[in-house]
1. For a protection proxy built on the mean count of beta-carbon atoms within 10 angstrom, sort 23-29, 60-66 highest first, please.
2. Provide the packing ranking of 396-406, 276-286, 346-356, i.e. peptides ordered by the mean count of other C-beta atoms within 10 Å per residue, highest first.
3. Grab the DSSP H runs of the chain that are 4 residues or longer, score each as -39,500 (n - 2.57), total them, divide by all residues and round the 222 nm result to the nearest 500 deg cm²/dmol.
4. Taking a cut-off of 13 Å, what percent of all Cα-Cα pairs in region 104-147 are separated by more than that?
5. For region 286-435, just list the percent of Cα-Cα distances falling in each 10 Å bin from zero outward, please.
6. Send over the Kirkwood Rh of region 297-337, from the inverse of the averaged 1/r over different Cα pairs, rounded to one decimal Å.
7. Of Q93, T106, F72, which is farthest along the charge dipole of region 66-117 in the positive direction, counting Lys and Arg as +1 and Asp and Glu as -1 at C-beta?
8. Restricting attention to the chain, give the cysteines that have no other cysteine Cβ less than 4.7 angstrom from their Cβ.
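The values are calculated or read from the model by the stated rules, or taken from the named source; none is laboratory data. Being a predicted model, the structure only gives us computed values, none of them experimental. Quick reminder, even Gly has a Cβ in these numbers, built from the backbone with ideal geometry, and neighbours come from all protein chains shown. Ligands, DNA and RNA are excluded from the accessible area calculation, which covers all protein heavy atoms including side chains. Shrake-Rupley method; radii C 1.70, N 1.55, O 1.52, S 1.80 Å.
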Amino acid sequence: MGTLIDKLNNLNKEHADIISTVEFNYSGDLLATGDKGGRVVIFQREQENKGRAHSRGEYNVYSTFQSHEPEFDYLKSLEIEEKINKIRWLPQQNAAHFLLSTNDKTIKLWKISERDKRAEGYNLKDEDGRLRDPFRITALRVPILKPMDLMVEASPRRIFANAHTYHINSISVNSDHETYLSADDLRINLWHLEITDRSFNIVDIKPANMEELTEVITAAEFHPHQCNVFVYSSSKGTIRLCDMRSSALCDRHAKFFEEPEDPSSRSFFSEIISSISDVKFSHSGRYMMTRDYLSVKVWDLNMEGRPVETHQVHEYLRSKLCSLYENDCIFDKFECCWNGSDSAIMTGSYNNFFRMFDRNTRRDVTLEASRENSKPRASLKPRKVCTGGKRKKDEISVDSLDFNKKILHTAWHPMESIIAVAATNNLYIFQDKIN
């Protein structure tokens with residue numbers, strides 16, 4: 001009996017360690033990950049070592065804290081998971097760092113600050129913290145600051161709760177740095193970072209009769225420069241761009257992006273695989289990228305009719321959709337990200353593979369994040385998947401792909417060729433080699 005309980009505890013621990021979000025801050029010096037156990041781990045980039053040429057700062061653990069705890073909704077008899085769905089950094093204004101983290105229901109604003117000095121020589125209390133008798137104080141002392149070991153503190157500054165009936169899938173900080181949005185399956189709310197007890201509902205697609213529900217919101221994001229513009233994607237493969245200047249409730253979109261479906265390729269799975277799992281504006285604000293089950297598309301905001309680029313991520317899985325539907329993998333939500341100059345994009349796949357597409361040269365590569373081939377300083381070898389016919393020596397066949405090993409979450413350093421890839425409960429950080 002004991003061994004069974006130990007095994008279950010180990011399984012729970014492994015489940016809690018699965019990374020559920022990855023995000024660089026605006027400078028790229030900090031990298032935050034959230035996991036299914038409600039923890040946030042922040043990695044800090046070490047300063048470059050002048051003694052070693054070609055050495056670039058490595059990322060080491062800077063702070064770890066419990067962001068969310070499991071809760072129970074007694075009205076609906078529902079457990080609320082502690083899993084961190086999204087982390088978003090706020091631009092740095094002073095020595096401290098701020099980030100937003102959310103689970104299914106509650107968003108929290110965290111302050112991460114450093115302390116390397118402590119005050120000593122108080123008048124009203126001893127060094128061990130006990131209060132002194134005021135009548136015995138004969139002289140006033142001026143407290144002095146003494147150096148101490150560096151301590152990184154994470155403290156919750158705001159808690160934004162009770163605004164979402166459904167599960168939160170996105171948070172996005174506005175370019176005005178004062179407001180942010182949060183989106184669930186049917187509604188998008190606008191918050192002010194200083195006000196926790198109310199938010200404004202800016203999108204509501206909930207029908208009067210839930211039996212008429214045909215689509216849900218899958219992701220939402222603010223434009224990087226225009227504080228009045230945001231987009232949200234749907235499970236039907238469409239993207240709506242809204243302008244908050246037009247009306248308080250953005251129930252009528254300003255632009256509607258949809259690629260016309262090819263009738264010849266229609267199948268039972270068409271609607272499932274066209275559902276958009278992620279939408280990201282380019283840093284320039286001119287383009288946006290969407291990820292569906294089999295591809296990544298790049299859209300020009302001035303052209304609604306069709307995407308300007310379509311990159312196939314794992315087209316070889318099209319013949320496997322039936323088995324992927326049976327094992328629920330077809331519902332996996334892959335994220336995507338841009339590099340700092342918007343010239344390349346990255347997204348994940350199965351078997352711990354991730355794909356990178358160069359938009360200028362139209363070249364793409366498949367790489368693998370695994371312990372076996374991720375020795376420090378070793379180069380990653382491109383991987384190829386054999387789709388039929390005779391398999392070459394270096395290729396892997398579609399039938400031997402491991403669908404339990406999936407890369408859903410990736411992040412790209414905002415300025416350098418450094419990427420972070422989450423493979424279940426392992427975080428891999430790769431950087432471009434200096435020649």
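1. 23-29, 60-66
2. Numbers: 396-406: 13.9, 276-286: 19.2, 346-356: 22.9.
Answer by packing, highest mean first, reads 346-356, 276-286, 396-406.
3. Details: 3 runs with 26 residues, N = 435.
After summing the helix terms and dividing by the residues of the chain, the value is -1500 deg cm²/dmol.
4. Result: 68 percent of Cα pairs exceed 13 Å.
5. Result returned by the calculation: 10, 39, 36, 13, 1.
6. Numbers: mean 1/r = 0.0805 Å⁻¹.
Radius from the Kirkwood sum: 12.4 Å.
7. Sorting the options by dipole projection puts first Q93.
8. Cysteines lacking a close Cβ partner in the chain: C227, C322, C329, C336, C337, C386.
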